[in-house]
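Structure, as structure tokens:
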Amino acid sequence: MSEYITSVRTYLFIFLALMVLTVITVAVAFLHLGPLNDIAAMGIAITKACLVILYFMHVRHSSRLTKVVVVAGFLWLLFLIGFTMSDYLTRGLISMQSTIG
Amino acid sequence: MSDTVTTPARRRNYLNADYGIKSWLLTQDHKRIAILYLVSITFFFVLGGVMAALIRVELATPLGDMVEPDTYNRLFTAHGVLMVFLFLIPSIPAVLGNFLIPLMIGAKDLAFPKLNLGSWYVYNLGAVLMVVALLRGGTDTGWTFYTPYSSTFADSEVILTALGAFVVGFSSIMTGLNFIVTIHRMRAPGLTWFRLPLFVWAHYGTSLIQILGTPVVAIAILLVAAERLLHIGIFDPALGGDPVLFQHLFWFYSHPAVYIMILPSMGVISELITAFSRKRIFGYKFVAFSSLAIAVLGFLVWGHHLFVSSQSIYAGLIFSVLSMLVAVPSAVKTFNWTATLYQGSISWQTPMIYALGFIGLFVIGGLTGTMLATLGIDMHVHDTYFVVAHFHYIMVGGAIMAYLGGLHFWWPKITGRMYSVFWSRISAGLIFFGFNLTFFPQFLLGYMGMPRRYHAYPEEFQILNVLSSAGATILGVGYLLPLIYFTWSMRYGERASDNPWGAYGLEWETSSPPPTFNFDEPPVVTTEAYDYLAMRDKRVA
């Protein structure tokens, strides 16, 4: 398998993007957007994580198998969090009063 | 055991290639590492078995007259911890998988031989921690370490035992990683994915679970330690935590861990059924993909352990439906095995007796599993002996039957010796009978309402408990016999030929025992898996 060599320029660009996104995260924290604050913070964090995985961890130019492994890892994290939340988010829907009688 | 004594007695093989303790403790040969694992897990199987024996002696009478309640708690915890973490999880993968995967795919060794040896040392390190915990009085939480009892109240060696499980988990990850890379990268020329033995497919599925699930239980254990030692509020409501969160994290791994035990067993059964039916397996691709389906679906069902622990009813419904779905790939396998038997040329060798026993017991274990996945029934029998019986039908009736079946099948390859046919058949019969006598009464006890984890019970339950204890005695004798005749065979057993069963597969094409690098000539594969028809034609020609 031939190794793809990422240029220093790309690394610097990604580093800069990460720094800019960090500044935006801090800036957004000072704005009062209600629930949008969380969404913005998580959105930026996910974008940054993707940049690190794709470029710094070389996944973008790796084999399909490596990509499948990475996606599977996140899918399993989604299973863990998603199905656990299926419990926590629905606990209040039936009150204990009505089930016990 | 038909044709024996065909190989020269003093041929170089992995057993006589080198001598001395050092040659074993520093070996990188997957076959020798498999033997090291075999010795370790057999020791812990015996230790775990002693705990089970003590439990059954206590339960022979309704009164708690042999041990104190607290001691009883420590006994069943030790039994569970030793059997699950130190025996069942490594049993087939680390012994048979380790020995056979490189042989079956025509490779010289696993992809990472040093990592393989490292995994055995890590396993033993974890095992030592658990044994030290046992010697210091043991743990009383049950093998599930449920919070808040384990994190806040238990006054026993919780941290040391949990740390042992944490460390052993890494050896499991190492083995899984090694298998995945080996299966991807080291197959012989011509050995495409759909020519692989189903044993290899099953281990691929198992390895996925080991890698994706084990880190989560490691995290859960660390969080318990963090709460116990540093009082960080994660599971304790008084500190702002939620005890049920532990159950989610724990079962996210520990339910798939059941599939770590049963998937390799299914792989073994596929090999045994084809070998002793002299037929290509019915529906190869369905059996292969059902291993992956079980590995994936197995991750989505953990909530069925939480039906009565304040989990929301909606989550309960989702987990109930998903749990039922696992029955589909399991049934695919079972039906395909029975379809393979149809019109097969069946021979009643000892490994086949184990394989047929497995199918019967696994069906009972699996069907009672779907009963337990039904919310309404589980409310009634949760934490009763019904559950105990169910999972023993899977873990003992399934996993151990297959492990022993596999050991009897590949023993001539592993050691180059045959064992006593007579005694092996007696022991297979004793195990099947003893197992059913031990655990079938427990279904009835559970359905009648006898809760698990108590050292005393009302008198009306005694007759079934006595039957169960009697069965355990027979089961114990059944397990003791192979220990004796296998040990005996290593020195006095008849020499085995390269392929004593006339079975199909690369592992049977090399000598018994195989040379250090498995094959004198690197094999090239030109035929499909289990092509018994071509094999017969070749023999006739």
>> Six or more apart or on different chains, Cβ atoms under 6 Å: show the pairs whose first residue is in the stretch B:301-323 and without any contact (Cβ under 8 Å) to a residue 40 or more places away in the chain and more than 8 Å from every other protein chain (Cβ to nearest Cβ) and whose second is assigned to a helix (DSSP H, G or I) and not polar (S, T, N, Q).
In response: B:LEU322/B:LEU300
>> Which numbered condition in (1) touching a Phe, Trp or Tyr at 6+ places or on another chain (Cβ under 9 Å); (2) within 14 Å of chain B (Cβ to nearest Cβ) is the only one that A:PHE56 fails?
In response: (2)
> Which residues, counting only those in the stretch B:191-208, are outside any helix (DSSP H, G or I) and either among the β-branched types (Val, Ile, Thr) or under 15 Å from the mean Cα position of the chain (by Cα) (or both)?
Replying inline: B:THR192
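Quick grid of which residues meet (1) in contact (Cβ under 8 Å) with a residue 40 or more places away in the chain; (2) of a type outside the set (A, V, I, L, M); (3) touching a Ser or Thr at 6+ places or on another chain (Cβ under 6 Å); (4) crowded, with 19+ Cβ neighbours inside 10 Å:
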position: B:ASN465; (1), (2), (3), (4): yes, yes, no, yes
position: B:SER469; (1), (2), (3), (4): yes, yes, no, yes
position: B:GLU509; (1), (2), (3), (4): no, yes, no, no
position: B:TYR530; (1), (2), (3), (4): yes, yes, yes, yes
>> Test of understanding: among B:PHE99, B:PHE166, B:PHE145, which residue is out of contact with any Asp or Glu (no Cβ under 6 Å at 6 or more places or on another chain), within 18 Å of B:VAL258 (Cα to Cα) and part of a helix (DSSP H, G or I)?
In response: B:PHE166
> Looking at B:LEU198, B:LEU223, which is the one that is without any contact (Cβ under 8 Å) to a residue 60 or more places away in the chain and out of contact with any strand residue (DSSP E or B) (no Cβ under 9 Å at 6 or more places or on another chain)?
Replying inline: B:LEU223
>> Given the options A:LEU51, A:LEU36, A:LEU16, name the one that is more than 14 Å from chain B (Cβ to nearest Cβ) and within 14 Å of the chain's Cα centre (by Cα).
In response: A:LEU51
> Of B:SER468, B:SER424, which residue is in contact with a helix residue (DSSP H, G or I) (Cβ under 6 Å, 6 or more places away or on another chain), of a type outside the set (Asp, Glu), within 23 Å of B:ASN73 (Cα to Cα) and assigned to a helix (DSSP H, G or I)?
Replying inline: B:SER468
>> Among the residues that make up the stretch A:80-98, is at least one of them exposed (fewer than 11 other Cβ atoms within 10 Å of the Cβ), of a type in the set (Ser, Thr, Tyr) and free of Cβ contacts under 8 Å to residues at least 24 places away in the same chain?
In response: yes
>> Given the criteria out of contact with any helix residue (DSSP H, G or I) (no Cβ under 6 Å at 6 or more places or on another chain) and within 14 Å of chain A (Cβ to nearest Cβ), does B:VAL296 qualify?
In response: yes
> Scanning the stretch B:436-463 for residues that are crowded, with 19+ Cβ neighbours inside 10 Å and touching a Gly at 6+ places or on another chain (Cβ under 8 Å), which turns out farthest from B:GLY360 (Cα to Cα)?
Replying inline: B:HIS455
> Which condition does A:VAL69 not pass, out of (1) loosely packed, with under 13 Cβ neighbours inside 10 Å; (2) β-branched (Val, Ile, Thr); (3) modelled with pLDDT under 95, if it passes all the others?
Replying inline: (1)
>> Show me the helices (runs of 4 or more DSSP H) entirely contained within the stretch B:4-86 in which 2 or more residues are of a type in the set (Phe, Trp, Tyr) and over 30 Å from B:TYR492 (Cα atoms).
In response: B:69-81
>> Given the condition modelled with pLDDT of 95 or more and either more than 19 Å from B:TYR37 (Cα to Cα) or not in a helix (DSSP H, G or I) (or both), answer yes or no: does some residue in the stretch B:117-132 qualify?
In response: yes
> Which ones in the stretch B:471-493 are surrounded by 17 or more Cβ atoms within 10 Å (Cβ to Cβ) and either part of a loop (DSSP other than H, G, I, E, B) or charged (D, E, K, R) (or both)?
Replying inline: B:GLY493
> So which of B:SER265, B:SER270, B:SER254 ends up being within 14 Å of another protein chain (Cβ to nearest Cβ), in a helix (DSSP H, G or I) and under 27 Å from B:LEU407 (Cα atoms)?
Replying inline: B:SER254
> Can you find even one residue in the stretch B:350-359 that is of a type outside the set (Gly, Ala, Ser) and more than 21 Å from the chain's Cα centre (by Cα)?
Replying inline: no
> Of the numbered conditions (1) over 30 Å from B:VAL308 (Cβ atoms); (2) touching an Asp or Glu at 6+ places or on another chain (Cβ under 9 Å); (3) not small (Gly, Ala, Ser), B:MET448 satisfies every one except a single condition; which is it?
Replying inline: (1)
>> Please verify whether B:LEU54 is surrounded by 16 or more Cβ atoms within 10 Å (Cβ to Cβ) and without any contact (Cβ under 8 Å) to a residue 24 or more places away in the chain, treating the condition exactly as stated.
In response: yes
>> Pairs needed: first member in the stretch B:346-357, under 15 Å from B:SER420 (Cα atoms); second member anywhere, hydroxyl-bearing (Ser, Thr, Tyr) and part of a helix (DSSP H, G or I); C-beta distance under 6 Å; at least 6 residues apart or different chains.
In response: B:THR350/B:SER424
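Rundown of residues vs (1) more than 14 Å from every other protein chain (Cβ to nearest Cβ); (2) modelled with pLDDT under 90; (3) crowded, with 18+ Cβ neighbours inside 10 Å, yes/no style:
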{"site": "B:THR161", "(1), (2), (3)": "yes, no, yes"}
{"site": "B:PHE170", "(1), (2), (3)": "yes, no, yes"}
{"site": "B:GLN210", "(1), (2), (3)": "no, no, yes"}
{"site": "B:GLY213", "(1), (2), (3)": "no, no, yes"}
{"site": "B:LEU239", "(1), (2), (3)": "yes, yes, no"}
> If B:GLY369 satisfies every condition in (1) closer than 16 Å to B:ILE262 by Cα; (2) surrounded by 21 or more Cβ atoms within 10 Å (Cβ to Cβ); (3) within 14 Å of chain A (Cβ to nearest Cβ) but one, which is the exception?
Replying inline: (3)
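Search the stretch B:279-295 for residues being buried (at least 20 other Cβ atoms within 10 Å of the Cβ) and of a type outside the set (Gly, Ala, Ser), and hand back the single one that is nearest to B:ALA339 (Cα to Cα).
Out of the qualifying residues, it is B:ILE281.
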> Looking only at the stretch B:342-359, which residues are surrounded by fewer than 22 Cβ atoms within 10 Å (Cβ to Cβ) and either under 16 Å from B:GLY267 (Cα atoms) or touching a strand residue (DSSP E or B) at 6+ places or on another chain (Cβ under 7 Å) (or both)?
Replying inline: B:ILE359
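The values are calculated or read from the model by the stated rules, or taken from the named source; none is laboratory data. This structure is a prediction, so every number in the text was calculated from the model and none was measured. Every residue, glycine among them, receives a Cβ derived from its backbone with ideal geometry; neighbour counts consider all protein chains shown.
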